[in-house]
Amino acid sequence: MDDPQWSPDGKKIIATATINEQQKIYIMNPDDSNLEPLTPPDIRAIHGSWSSDSKQVIFVPMTTCTRHKRTIQKSTARREERAC
């Protein structure tokens with residue numbers, strides 16, 4: 001796991017990891033339990049960062065578009081996307 005980031009409320013950790021040749025943002029509990037990918041299966045991603053209220057994670061998808069970003073709300077898994 002690379003670049004771990006604690007949520008501001010201290011309840012979760014996000015980190016970047018390469019598993020099965022896919023670089024993803026993963027979310028887990030502070031005791032390393034319940035590791036699950038936060039990014040969609042078709043998206044490779046880096047540099048996850050929490051919102052100040054711990055409800056959203058923003059990350060950089062690894063695409064050819066430099067203005068592409070996604071926000072995922074951890075509570076609802078709702079995704080917002082801004083593309084080029």
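Just so it is clear, none of the values below were taken in a lab; they were calculated from the coordinates. These numbers were taken from a predicted model, which means no experiment stands behind them. In this analysis, Cβ positions are derived from the backbone assuming ideal geometry, glycine residues included, and neighbour counts consider all displayed protein chains.
With the charge dipole of region 1-48 set up from +1 on Lys and Arg Cβ and -1 on Asp and Glu Cβ about the Cα centre, the Cα lying farthest toward the positive end among the listed residues P40, M1, M28 is that of P40. Spacing of the modelled spin labels on E21 and S49, each 7 Å from Cα toward Cβ, amounts to 3.2 nm. Each residue, E36 and K11, gets one label point 7 Å from its Cα in the Cβ direction; the gap between the two is 1.4 nm. Note on M1/M62: beta-carbon distance plugged into 1/(1 + (r/R0)^6) with R0 of 22 Å gives a FRET efficiency of 0.80.
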